[in-house]
1. Filter segment 186-210 for residues that are touching a helix residue (DSSP H, G or I) at 6+ places or on another chain (Cβ under 8 Å) and of a type outside the set (D, E, K, R); which is nearest to Phe134 (Cα to Cα)?
2. Within the bounds of segment 175-185, is there any residue that is out of contact with any helix residue (DSSP H, G or I) (no Cβ under 7 Å at 6 or more places or on another chain), open to solvent by 50 Å² or more (accessible area, probe 1.4 Å), in contact (Cβ under 8 Å) with a residue 12 or more places away in the chain and under 28 Å from Trp101 (Cα atoms)?
3. So is Leu13 in a helix (DSSP H, G or I) and either closer than 22 Å to Ser77 by Cα or modelled with pLDDT of 70 or more (or both) or not?
4. Taking segment 68-107 as the region of interest, how many residues are more than 14 Å from the chain's Cα centre (by Cα) and modelled with pLDDT of 90 or more?
5. Could you tell me whether Ala169 is in a helix (DSSP H, G or I) and within 21 Å of Ile98 (Cα to Cα)?
Amino acid sequence: GLVGSEMCIRDRLGCKLGLRRGRVKEIVEAAITAIGSTEDFGSDEHAWKVLVEAVKLDPAEVWKAMTSLIEMRDRKSYRIVLESQRYALVSQVPANIIMDWIGSDTRRSIIVADMCSAHEKPLNEIARGLIAKFGADSPAARVLASRAHSTPSAVSSIAEFAKSQLQNARSWAEDSNPQVAQWGKERVVEFQASYEAESAREEFEEREFE
């Protein structure tokens with residue numbers, strides 16, 4: 001039952017066995033309960049790892065369970081959106097499942113945009129789908145632009161990060177979809193300016209410390 005599933009959240013191997021035996025739904029529910037009942041960022045690592053295992057078996061079930069937590073738009077849902085970025089959960093769910101859930105709902109498009117990565121070329125299918133559907137200047141596209149400017153992890157050089165994103169943005173600017181291409185061109189301008197400014201700043205700091 002669910003109590004056994006909750007115990008297995010603390011026993012990852014037991015969870016893996018449970019998932020293989022087809023107990024996906026109850027184990028996902030237990031993981032979601034554990035994630036939802038925690039207050040501190042990053043304190044339900046085991047439950048997230050269980051979801052990462054479960055999403056390989058039943059992505060629709062995992063996404064359905066996730067939406068109950070992220071749709072609230074409160075402090076808890078914001079924490080969960082941030083944590084989902086760390087585990088790249090959105091990238092492991094087929095795009096059509098997520099896009100069907102969004103429909104034409106702007107609020108949902110913003111939630112998903114916040115969970116997406118924008119650090120690769122070509123742009124991932126969900127981010128691309130959001131821009132194509134809602135437009136290059138939509139709230140979702142603005143959230144994705146913000147995601148593109150945030151480093152996915154600690155970096156030693158902001159200039160190098162901007163240079164890498166500039167190369168990605170040049171690829172996005174050549175997208176076959178005009179909205180995505182427009183969004184990409186705007187990022188090219190931003191990352192070009194960012195790269196030049198950060199390169200100059202880092203060069204100045206190196207000279208100062210010589």
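1. Filtering first and then ranking leaves Val188.
2. So in segment 175-185, the residues out of contact with any helix residue (DSSP H, G or I) (no Cβ under 7 Å at 6 or more places or on another chain) come out as 176, 178, 181-182, 185.
Imposing the further condition that a residue be open to solvent by 50 Å² or more (accessible area, probe 1.4 Å) reduces the set to 176, 178, 182, 185.
Retained after the next criterion (residues that are in contact (Cβ under 8 Å) with a residue 12 or more places away in the chain): 182, 185.
Adding the requirement that they be under 28 Å from Trp101 (Cα atoms) leaves 182.
Within segment 175-185 (the criterion being out of contact with any helix residue (DSSP H, G or I) (no Cβ under 7 Å at 6 or more places or on another chain), open to solvent by 50 Å² or more (accessible area, probe 1.4 Å), in contact (Cβ under 8 Å) with a residue 12 or more places away in the chain and under 28 Å from Trp101 (Cα atoms)), the answer is yes, since at least one residue qualifies.
3. Spelling it out, it is not the case that Leu13 is in a helix (DSSP H, G or I) and either closer than 22 Å to Ser77 by Cα or modelled with pLDDT of 70 or more (or both).
4. 11
5. No: the conditions fail for Ala169.
The values are calculated or read from the model by the stated rules, or taken from the named source; none is laboratory data. Please read these numbers as outputs of a predicted model, since none were measured by experiment. So basically every Cβ, Gly included, is an ideal-geometry build from the backbone, and we count neighbours across all protein chains shown. Just the protein is used for accessible areas: all its heavy atoms, side chains included, with ligands, DNA and RNA removed. Shrake-Rupley method; radii C 1.70, N 1.55, O 1.52, S 1.80 Å.
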